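Working notes, beginning with the structure itself.
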There are 2 protein chains.
Amino acid sequence: MAPAAAPTNDVHTDDLVVAFDAFVKAAKRSRARAEGADGGTLTSSQADLLAPLLECEPAGLGLRALARLAGIAAPTATRMVDGLQERGLVTRRRDPDDGRAVLIALTADGEDALRERRAQLLARRRAMFELLTPSERRAAARVLSRLTSAFEGS
Amino acid sequence: MAPAAAPTNDVHTDDLVVAFDAFVKAAKRSRARAEGADGGTLTSSQADLLAPLLECEPAGLGLRALARLAGIAAPTATRMVDGLQERGLVTRRRDPDDGRAVLIALTADGEDALRERRAQLLARRRAMFELLTPSERRAAARVLSRLTSAFEGS
DNA sequence: TATTGTTATACTCTATAACTATA
DNA sequence: TATAGTTATAGAGTATAACAATA
C-alpha cells in the first residue's frame, strides 16, 4: 500500500549525489591546474604504463603484461613504448627464454621521471589533506574506503 | 630537539593518501566498466560541451562561449560541433545580430541524448550509494564537501 | 594451432598558428 | 585593429584487424 521505498533514504542519497558531483568537478579542475603548472615529463597514461616496472627491475616485463596491467590494448602499448624508448626512458630487449617476447625495462632516466612524478603527486595530495583537521582526515579515510567498496560492488 | 612536525598528523594524512588513491583507482575502473557496457551516444567530452545548451534553449550559444565553458580551445569545439551536427544532435545558424558569430543549439535528438546520458549517470551513482547505510551516506556527503573545499583551496 | 609483438588503419580529444569574414 | 569562427597541421591516446615470428 505504501508507495514503495523509503523517501528518507532517497534524500540522503541525492545529497550524496550532489556532493559527489561537486567533488568530481573540483578534482578535475585541480588536476588540470596541476598538470598545466608543472608540465612534467610523463603524462598520466605513460605513468600508468610504466608504474609496474618499478616493482620488477631490472628484468622488465613483457609488452602484453604491461598492456594488461595498464588496462590498454597491446598495439597501444607498442606505440607508447616506441615513444618512451626514443626518449631514452625505457629499453626493449628480446627475452632470452622466449624468442617471441620482448622485455621492457626502465632506464635510470625513466625511473627518475617516474619517481619524480609520484613525488609531485604525493606532495600535492598531502598539501591538500593538511587543510583538513586530523579528525576530518580520519573520517575521510573511512568514507573513501567505504566508497571504494561501493564502486567495486557496482 | 624533537625532530620537527607532529608525526601523528602525518600518519593520518598518509592513511588518507592511501585511501584516496584506492578510491581514484576504483572510480576509474568503475567508469571504464560503465562506458564499455552502455556505449551511449555521447562521450564525456561531448556531454561536457553540450551541457550548457540545456540551460539556454532555444537561442543557443556562440562557439567561443561553448568552448570556454567546456574548458577547451575554439578549434576543438569547431571540430566537435562538426561531428555532432552531422549526427543531427545540434544545429548551427548565423547570429542575426552579428554576422561573424554562429549560434549552436540542441536539436530534439541532441537534447534526448544528453538527458539520457545524465539519467544513466545518476542511476549508476544512486545504485552505488544505496550500498551504503544512511549514516554512511550522511558522513560521505560531509566528507566530500570538505574535500571539495580542500581541492579548491589548493 | 596458440601466443607475442608489430603494422596498418581509424577515431576522439586536444593544441597552436594561420586564415577569412565581419565589426 | 579586434573579434568570431574555421582550416591546417600536429600529437597523444585509444581501438580492431591483419600480419610475422616463435613456441
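Here's the yes/no breakdown for (1) in contact with a Lys or Arg (Cβ under 9 Å, 6 or more places away or on another chain); (2) within 14 Å of chain B (Cβ to nearest Cβ):
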| position | (1), (2) |
| --- | --- |
| A:Asp10 | yes, yes |
| A:Asp14 | yes, yes |
| A:Val17 | yes, yes |
| A:Phe23 | no, yes |
| A:Glu35 | no, yes |
| A:Gly40 | yes, no |
| A:Asp48 | no, yes |
| A:Leu54 | yes, no |
| A:Ala65 | no, no |
Practice task
Output the residues belonging to segment B:80-98 that are surrounded by fewer than 11 Cβ atoms within 10 Å (Cβ to Cβ) and within 9 Å of DNA strand D (Cβ to nearest atom).
Solution key: B:Asp98
Practice task
Output the residue which, of all residues in segment B:65-77 that are within 20 Å of the chain's Cα centre (by Cα) and surrounded by fewer than 16 Cβ atoms within 10 Å (Cβ to Cβ), is farthest from DNA strand C (Cβ to nearest atom).
Solution key: B:Leu69
Practice task
Quickly run through segment A:13-43 and pick out the residues that are buried (at least 16 other Cβ atoms within 10 Å of the Cβ) and among the polar types (S, T, N, Q).
Solution key: A:Thr13, A:Ser30, A:Thr41
Fill in the blank from the handout: Taking first residues from segment A:71-97 that are farther than 27 Å from B:Arg31 by Cα and second residues anywhere that are among the acidic types (Asp, Glu) and more than 12 Å from DNA strand D (Cβ to nearest atom), the pairs with Cβ under 6 Å that are 6 or more apart or on different chains are A:Gly88/A:Asp109; A:Leu89/A:Asp109
Completion exercise
Flagged in segment A:145-154 as part of a helix (DSSP H, G or I), among the hydroxyl-bearing types (Ser, Thr, Tyr) and either at the interface with chain B (Cβ under 7 Å from one of its Cβ atoms) or touching a residue at least 24 places away in the same chain (Cβ under 8 Å) (or both), in numbering order, are A:Ser145, A:Thr148
Practice task
Check segment B:121-139 and report whether any residue there is more than 30 Å from A:Ser135 (Cα to Cα) and within 16 Å of DNA strand C (Cβ to nearest atom).
Solution key: yes
Exercise for the section: Give the residues of segment B:44-79 that are outside any helix (DSSP H, G or I), within 12 Å of DNA strand D (Cβ to nearest atom) and more than 21 Å from B:Ala108 (Cα to Cα), sorted by residue number. Expected result: B:Ile72, B:Ala73
Handout entry: Scan of segment A:115-154 for residues that are of a type in the set (Ser, Thr, Tyr) and closer than 30 Å to B:Ala37 by Cα, ordered by number
Key = A:Ser145, A:Thr148, A:Ser149, A:Ser154
Exercise for the section: Scan A:Val24, A:Val11, A:Val18 and give me the residue that is under 19 Å from the mean Cα position of the chain (by Cα), away from DNA strand D (no atom under 15 Å from the Cβ), in a helix (DSSP H, G or I) and of a type in the set (A, V, I, L, M, F, W, C). Expected result: A:Val24
Exercise for the section: Kindly provide the set of residues from segment A:101-144 that are surrounded by fewer than 17 Cβ atoms within 10 Å (Cβ to Cβ), in a helix (DSSP H, G or I) and within 7 Å of another protein chain (Cβ to nearest Cβ), ordered by number. Expected result: A:Leu122, A:Arg126, A:Ala127, A:Pro134, A:Arg138
Fill in the blank from the handout: Scanning segment B:80-100 residue by residue, those hydrophobic (A, V, I, L, M, F, W, C) and not in a helix (DSSP H, G or I) turn out to be B:Leu89, B:Val90
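No value in this document is a laboratory result; all are computed from the given coordinates. These numbers were taken from a predicted model, which means no experiment stands behind them. Neighbour counts are summed over all protein chains in view; Cβ atoms, including those assigned to glycine, are modelled from backbone coordinates with ideal geometry.
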